[in-house]
1. Rounded to the nearest 10 Å², what accessible area does residue 101 have for a 1.4 Å probe in the complete protein model?
2. Roughly how many debye, to the nearest 20, is the charge dipole of the stretch 78-293 about its Cα centre, given +1 on each Lys and Arg Cβ, -1 on each Asp and Glu Cβ, and no other charges?
3. On full extension of the chain, what length is gained from residue 275 through residue 66, given 0.36 nm per residue of separation minus the C-alpha to C-alpha distance?
4. Please give the per residue accessible area of the stretch 370-414, computed with a probe of 1.4 Å over protein heavy atoms only, in Å².
5. Taking loop as defined by DSSP and a crowding limit of 13 other beta carbons within 10 Å, which GluC sites (Glu not before Pro) in the stretch 325-416 fit?
6. For the chain, what value does the Rg/Rh ratio take when both radii are computed over Cα atoms and Rh is the Kirkwood radius, given to two decimals?
7. Among the DSSP beta bridges whose two residues both lie in the chain, what percent are antiparallel, rounded to the nearest 5?
8. For helix 98-107, report the angle its Cα long axis makes with the longest principal axis of the Cα atoms of the chain; keep it between 0 and 90° and round to the nearest 10°.
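The values are calculated or read from the model by the stated rules, or taken from the named source; none is laboratory data. Not measured: the values here are computed from a predicted model. In this analysis, Cβ positions are derived from the backbone assuming ideal geometry, glycine residues included, and neighbour counts consider all displayed protein chains. The accessibility values were calculated without ligands, DNA or RNA, using every heavy atom of the protein model including side chains. Shrake-Rupley method; radii C 1.70, N 1.55, O 1.52, S 1.80 Å.
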Amino acid sequence: MSRRDPNSAKPLGPIPQGFEAIDGELAIGGRKVSDLVDEAGDTPLFVYSRDMLDARMAALRAAMPDRLAIHYAVKANPRPEVIAHMATLVDGFDLASGGELAILQGVGIGSDHISFAGPGKRPREIRAAIEAGVTLNCESETEAARALEIGRKLGIQPKLAVRVNPDFDMRGSGMKMGGGAKQFGLDAERVPALIRHLIENGADWRGLHIYTGSQTLEADAVIETQGHVLDLAARIAREVGQACPVLNLGGGFGIPYFAGNEPLDIDAVGAALGERFADLPEELADTEMAIELGRYLVGEAGVYLTRIVDRKESHGDLFLITDGGLHHQLAASGNFGAVVRRNYPLVIASKFDAQPVEIANVVGCLCTPLDRLADKAELPRAEIGDLVAVFCAGAYGATASPMHFLGQGPAIEMLV
Ligand SMILES: *Cc1c(COP(=O)(O)O)cnc(C)c1O
């Protein structure tokens, strides 16, 4: 079997829009990757592009109803420079830990329009959030009781919303986070009683948080889910007997990672949401509406760059061995919740516009066969010293990977 036998090749994911070649090299934010690596001083390196973050937000704003606030889910990429830039673009932030709150405070972001969700918040995290004036999305009755007590001790009226575990999930989502038994939120039928309790005990009730899943590319599924979310929120508010002040509708907008994936049709989603907003029941008529997005805002704006340190053959297969790997790019290696390993978009960045001539496995430098960035990919001929780029690296890369595995340590990160 020849190395060019296309039958043995596996497709790579689609390269996100907006990247160009300069002198035959991949360029990010108008700069060649070799220059970026020179400036950083080493590989592996994550590069995040301001221009691409701006363009993504502009397109999203244009598609969504004006009334909809867009929040950034910090866990997708908590890099302080990225957060500081996102603060110029988004209407609010959603946090998933006290550590993320500390990062936001370090960047000097105020408390307005910040909410904190996630199971198992420790009392000190609850205290820090209440002191900072952040809205806590209560995930259980126990957590709500803790928040009330901590608020009383501090003499601060806590801002409390309730996270609902809805009785539906998001069709087509890569990760389901609602419907059935879940560690997230409170089962929908128990929510009205908790809200009444919060109000009776002097909390500032800040509405509902209904999150159903992540990484969906199907507009119909998002539209259907948002419809269910609006119905459920109205039903709960009616039962409580009060208008809902804020509704966090969730998010779950996906990005194309794999061959055959098509981008989410945000115009269709925005149009359907606009229609629903034009016809809301009384309980939601004045409600502040928000969505929270992570990977959709930052995922495609990031590239992971790693250098080829060896080129070798085994039983007729070619291996390009890089100085990076799953310790920075767990998801691209297929080990972050994937059922079947598929290739992320990946190129030989220093030969971005060259034609493919061989089939290669691009692997990392760890002592495990799981450490694979591309499996049987058709690529231009790459030599030792060439740079490899893995796309869709702006979300769940650096901080969702086991960077300390094998004593490797973190990659460099830069915003350009
Ligand atoms: C993870 C998470 C998000 C962000 O998910 P993305 O897929 O990155 O958009 C938003 N909200 C909650 C509650 C989450 O747990």
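1. Only protein atoms counted, so the area is about 10 Å².
2. In total the dipole reaches around 1040 debye.
3. 74.0 nm
4. Details: 1670 Å² over 45 residues.
Heavy-atom SASA per residue in the stretch 370-414 reads 37 Å².
5. Working: sites: 358, 378, 383, 413; in loops: 383.
Sites meeting the loop and neighbour criteria: 383.
6. Taking Rh as the inverse mean 1/r over Cα pairs, Rg/Rh reads 1.01.
7. If I count the DSSP bridges inside the chain, around 45 percent turn out antiparallel.
8. Its long axis makes an angle of about 80 degrees.
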